[in-house]
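The values are calculated or read from the model by the stated rules, or taken from the named source; none is laboratory data. For clarity, every value in this text was computed on a predicted model and none was experimentally measured. Positions of Cβ are generated from backbone atoms using ideal geometry, with glycine treated the same way; all protein chains shown enter the neighbour counts.
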């Protein structure tokens with residue numbers, strides 16, 4: 001009990017208030033928050049762990065399966081021979097047969113919701129222009145985190161968009177952190193979705209195996225999925241050799257709330273991200289009184305969580321309650337943080353404020369739109385850009401699993417009509433052979 005009391009009192013430092021701090025001190029604290037969130041998503045270039053990760057990548061490229069096996073034993077504590085990486089079909093079937101039937105009903109409805117949304121936004125079947133063709137990526141690798149609890153929702157949120165796009169070959173990797181293998185609920189969802197290629201490997205070694213191939217794992221054309229700093233930095237390192245999605249993890253939320261919001265709900269929403277351990281939760285409000293109420297709710301609610309100590313540490317390291325004087329400041333700060341999840345709980349003004357948000361992976365409008373609705377149910381993928389990368393990156397969608405090819409088809413008359421202009425441009429650039437490839441056709 002004494003430890004719990006000490007922990008919750010340490011949360012008093014969460015509040016950063018423009019009313020209580022000088023402007024330079026306020027800006028210094030907020031700047032530190034920026035750095036913390038950025039560094040939480042992937043290793044910085046001065047981070048010593050980056051050298052370790054690059055060594056892992058080089059080793060897996062050079063030694064293939066043997067290196068993957070050694071790093072799996074080193075990092076996950078599981079000794080596997082390369083022929084044990086792949087999950088047998090009968091194991092997938094058995095997991096599906098044993099899953100709780102009510103859970104299966106919920107999973108199937110979530111799959112249907114995601115499939116409907118991803119189909120509605122898909123542009124690949126809308127080839128309206130003769131000069132453009134969309135084709136699905138041939139082979140995709142999907143990273144599913146191996147957290148202490150199973151994450152079947154991640155399988156749904158990554159596999160279904162790929163299937164909507166028409167991807168046929170999909171390989172799923174997940175670290176063996178449940179009794180030396182992958183949690184049966186994840187395996188059951190893979191089977192439900194028809195995924196037959198599942199490997200019990202994770203981390204940078206799995207990302208590298210997918211990117212470059214090994215003796216037992218064929219290389220893919222694109223790698224997607226959330227994960228910890230090791231996985232996300234590995235994706236960044238191999239990007240260009242294969243395609244990747246955004247930096248997607250660890251989890252984060254920014255909440256904009258005024259005094260019309262429910263402080264207990266806002267606190268619950270902060271805890272829902274902090275419990276990811278690591279996870280970041282930042283609340284902006286224009287009310288000092290509301291900020292204090294949220295803080296008290298955090299202290300109360302965190303003690304009821306199974307991982308109370310770990311979640312409290314996450315709040316201390318990666319979270320804040322920021323009190324500003326104007327709504328415009330809330331919007332400006334939110335755009336500068338470019339969060340994975342942005343919740344707006346400002347009553348009737350919520351949608352108007354949402355229209356002013358330019359940088360966010362997903363926006364949740366109103367008191368009854370918590371992040372969990374997006375995580376499991378609404379239809380958009382919960383694989384979202386983190387670490388302030390929503391400034392330039394987007395949520396994973398079915399459109400990320402297709403590529404476009406330009407189609408150019410000229411007949412003789414059309415070419416001759418444009419020939420002199422093309423020749424002039426080529427000669428301007430000093431590309432004589434380019435110009436001659438046009439001139440030779442003028443002589444026909």
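Look at (1) over 25 Å from residue 124 (Cα atoms); (2) touching a helix residue (DSSP H, G or I) at 6+ places or on another chain (Cβ under 6 Å); (3) surrounded by fewer than 24 Cβ atoms within 10 Å (Cβ to Cβ) and you find that residue 198 fails only one, number (3).
Restricting attention to region 53-71, the residues being more than 10 Å from residue 204 (Cα to Cα) and buried (at least 18 other Cβ atoms within 10 Å of the Cβ) number 5. The set of residues from region 275-293 being farther than 26 Å from residue 229 by Cα and out of contact with any strand residue (DSSP E or B) (no Cβ under 6 Å at 6 or more places or on another chain) comprises 286, 287, 289, 290, 292, 293.
Among the numbered conditions (1) surrounded by 15 or more Cβ atoms within 10 Å (Cβ to Cβ); (2) modelled with pLDDT of 85 or more; (3) closer than 22 Å to residue 277 by Cβ, the only one that residue 42 does not meet is (2).
Would you call residue 192 surrounded by fewer than 24 Cβ atoms within 10 Å (Cβ to Cβ) and in contact with a helix residue (DSSP H, G or I) (Cβ under 8 Å, 6 or more places away or on another chain)? Even if it seems obvious, please write down each step before you answer.
Working: surrounded by fewer than 24 Cβ atoms within 10 Å (Cβ to Cβ): yes; in contact with a helix residue (DSSP H, G or I) (Cβ under 8 Å, 6 or more places away or on another chain): yes.
When the stated conditions are applied, residue 192 passes them.
Every test in (1) over 21 Å from residue 71 (Cβ atoms); (2) buried (at least 24 other Cβ atoms within 10 Å of the Cβ) is passed by residue 263 save one, and that test is (2).
Out of curiosity, is residue 203 assigned by TED's automatic domain parsing to the domain that holds residue 114, modelled with pLDDT of 95 or more and at positive phi?
Against the criterion (assigned by TED's automatic domain parsing to the domain that holds residue 114, modelled with pLDDT of 95 or more and at positive phi), residue 203 qualifies.
Determine whether region 259-272 contains at least one residue that is under 22 Å from residue 158 (Cβ atoms), outside any loop (DSSP other than H, G, I, E, B) and under 15 Å from the mean Cα position of the chain (by Cα). No, region 259-272 contains no residue that is under 22 Å from residue 158 (Cβ atoms), outside any loop (DSSP other than H, G, I, E, B) and under 15 Å from the mean Cα position of the chain (by Cα).
Can you say whether residue 255 is at pLDDT 95 or above and buried (at least 23 other Cβ atoms within 10 Å of the Cβ), as far as the supplied structure shows? Break it down into steps so the answer makes sense when it comes.
Values: at pLDDT 95 or above: yes; buried (at least 23 other Cβ atoms within 10 Å of the Cβ): yes.
Yes, satisfied.
Per the listing 342, 315, the residue uniquely part of a helix (DSSP H, G or I) and either within 23 Å of the chain's Cα centre (by Cα) or modelled with pLDDT of 95 or more (or both) is 315. Checking each residue in region 208-228 for being surrounded by 23 or more Cβ atoms within 10 Å (Cβ to Cβ) and touching a helix residue (DSSP H, G or I) at 6+ places or on another chain (Cβ under 7 Å) picks out 208, 209, 211, 214, 217, 220, 223, 224, 225, 226. For region 328-361, a residue qualifies if it is closer than 23 Å to residue 39 by Cα and surrounded by 22 or more Cβ atoms within 10 Å (Cβ to Cβ), and the qualifying residues are 330, 334, 337, 338, 339, 340, 341, 342, 343, 360, 361. Considering the conditions (1) farther than 24 Å from residue 222 by Cβ; (2) surrounded by fewer than 18 Cβ atoms within 10 Å (Cβ to Cβ), residue 95 is excluded by exactly one of them, (2).
Listed by position, the strands (runs of 3 or more DSSP E) enclosed by region 98-201 that each have at least 1 residues that are closer than 27 Å to residue 76 by Cα, without any contact (Cβ under 8 Å) to a residue 40 or more places away in the chain and touching a strand residue (DSSP E or B) at 6+ places or on another chain (Cβ under 8 Å) are 169-173.
Table: residues versus (1) in contact (Cβ under 8 Å) with a residue 40 or more places away in the chain; (2) out of contact with any strand residue (DSSP E or B) (no Cβ under 6 Å at 6 or more places or on another chain).
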position	(1), (2)
356	no, yes
362	no, no
386	yes, no
413	no, yes
